[in-house]
1. With a cut-off of at most 12 other beta carbons within 10 Å, and DSSP calling the residue loop, which chymotrypsin sites (Phe, Trp or Tyr not before Pro) in the range 124-199 qualify? Please list them.
2. Among the trypsin sites (Lys or Arg not before Pro) in the range 110-171, which ones are in a DSSP loop with at most 13 other Cβ atoms within 10 Å of the Cβ? Mind listing them?
3. How much FRET efficiency would the formula 1/(1 + (r/R0)^6) give for S124 and R202, where r is the Cβ-Cβ distance and R0 is 51 Å, rounded to 0.05?
4. Using only the Cα atoms of the range 89-232, build the gyration tensor, take square roots of its eigenvalues as a ≥ b ≥ c, and label the shape rounded, prolate or oblate: rounded if a/c is under 1.5, else prolate if a/b is larger than b/c, else oblate.
5. What spacing in nm lies between the two simple spin-label points modelled at D35 and S275, each 7 Å away from Cα in the Cβ direction?
6. Residue separation times 0.36 nm, minus the C-alpha to C-alpha distance between E291 and Q221: what's the value?
7. Please turn the phi angles of the range 267-283 into ³J(HN,Hα) values with the Karplus equation 6.51 cos²θ - 1.76 cosθ + 1.60 (θ = phi - 60°), one per residue in order, whole Hz, x for glycine and proline.
8. Can you tell me which of 206-217, 98-109 comes out highest on packing, and rank the rest after it, using the mean Cβ neighbours within 10 Å?
Amino acid sequence: MTVRPHKWRDVAWKRAIADGAGDAIAYFMPDLASDMDTAREVTGITGMELPVKDSGSDKDMRVSDVFLNVPVKGGEDWHVACLAEQQDAHDNCFAARVFDSVVRLRASRPAGRVTGFAIYTGDSKDVNLYTETCYGLELSLKFRTFHLPSYSVGELREDKRPFARVMYAGRLSLGTEDDLLLREKYAVEILNTTDEQIYDRRQRKFILEFADRIFWLNDPQMNQKVREAYKMQTIPLSEYVQEIAKEEGIIEGMEKGMEKGMEEKAFEVARSMISDGLPAETIRKYTGLDESSILSLR
């Protein structure tokens, strides 16, 4: 791997928080979640969204923090600054960036209540307090920080809450940047254990999209079977069929042709999974083929 996609991994965290906002609040701020008005949705704050394009390159990529309106009982909104940093080592500026983001949010919402949390993957456990003094002026900000390396892999694996799956994938990813085989192994682990009977379509989508980014499946050296399996699970079926139709020269709009292309691609992915020794149930789940069709390929 020639590029260390640190910014791309930051995008993974922040996109997961933005797309799974309600589940993120429930996981990181259960006290706030208990006061939420479930009849209204958690939304991004207008003008402070995440302006990042989906690109495999981290060159010139701007990664912004996530800011949320969290509706609470009684008609009020709380404003939450959500920060996440993918670090290899200690970052002396992390606490200062949290402070700057909270100040920015507070300035934009002077009449509202502001809170927040941060996810940190570096090697320092003491990054949850920002202090500054300057000729008699003293500033101090203490905030919730979740230090990912301190989490037990086993405990995260057993925790079935949607955002625990994100934390589990993030924890597995630590230190795997240059180990392609390990990234593939963990990506398959997340894919196979994010059960569709436990998580709804929206939850599975943000969990698997996070794993896609955090394990950097965009890497051209990544196993094509793994990349294809993730793609089938994280984009709408109609878009996937259109993409297959385009790749195979099928005329767009011809439903019969697109279905044929989809079926052929499913068989292709199934053959790759069989060659890797994956069980029939897993192959059925991620290709849509019935058991008899899978058996005919063995």
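1. Numbers: sites: Y130, Y135, F143, F146, Y151, F163, Y168, Y186, Y199; in loops: Y135, F143, Y151, Y199.
Answer by residue number: Y135.
2. K125, K160
3. On the way: r = 34 Å, r/R0 = 0.67.
Rounded to the nearest 0.05, the efficiency is 0.90.
4. Note, shape of the range 89-232 comes out prolate.
5. 5.7 nm
6. Full extension of this stretch gives 22.1 nm more.
7. 5, 5, 5, 4, 4, 5, 5, 4, 5, 8, x, 6, x, 4, 5, 5, 5
8. 206-217, 98-109
Read-outs: derived from the displayed coordinates by stated rules, not from any lab. Quantities reported herein were computed from a predicted structural model and do not represent experimental measurements. Every residue, glycine among them, receives a Cβ derived from its backbone with ideal geometry; neighbour counts consider all protein chains shown.
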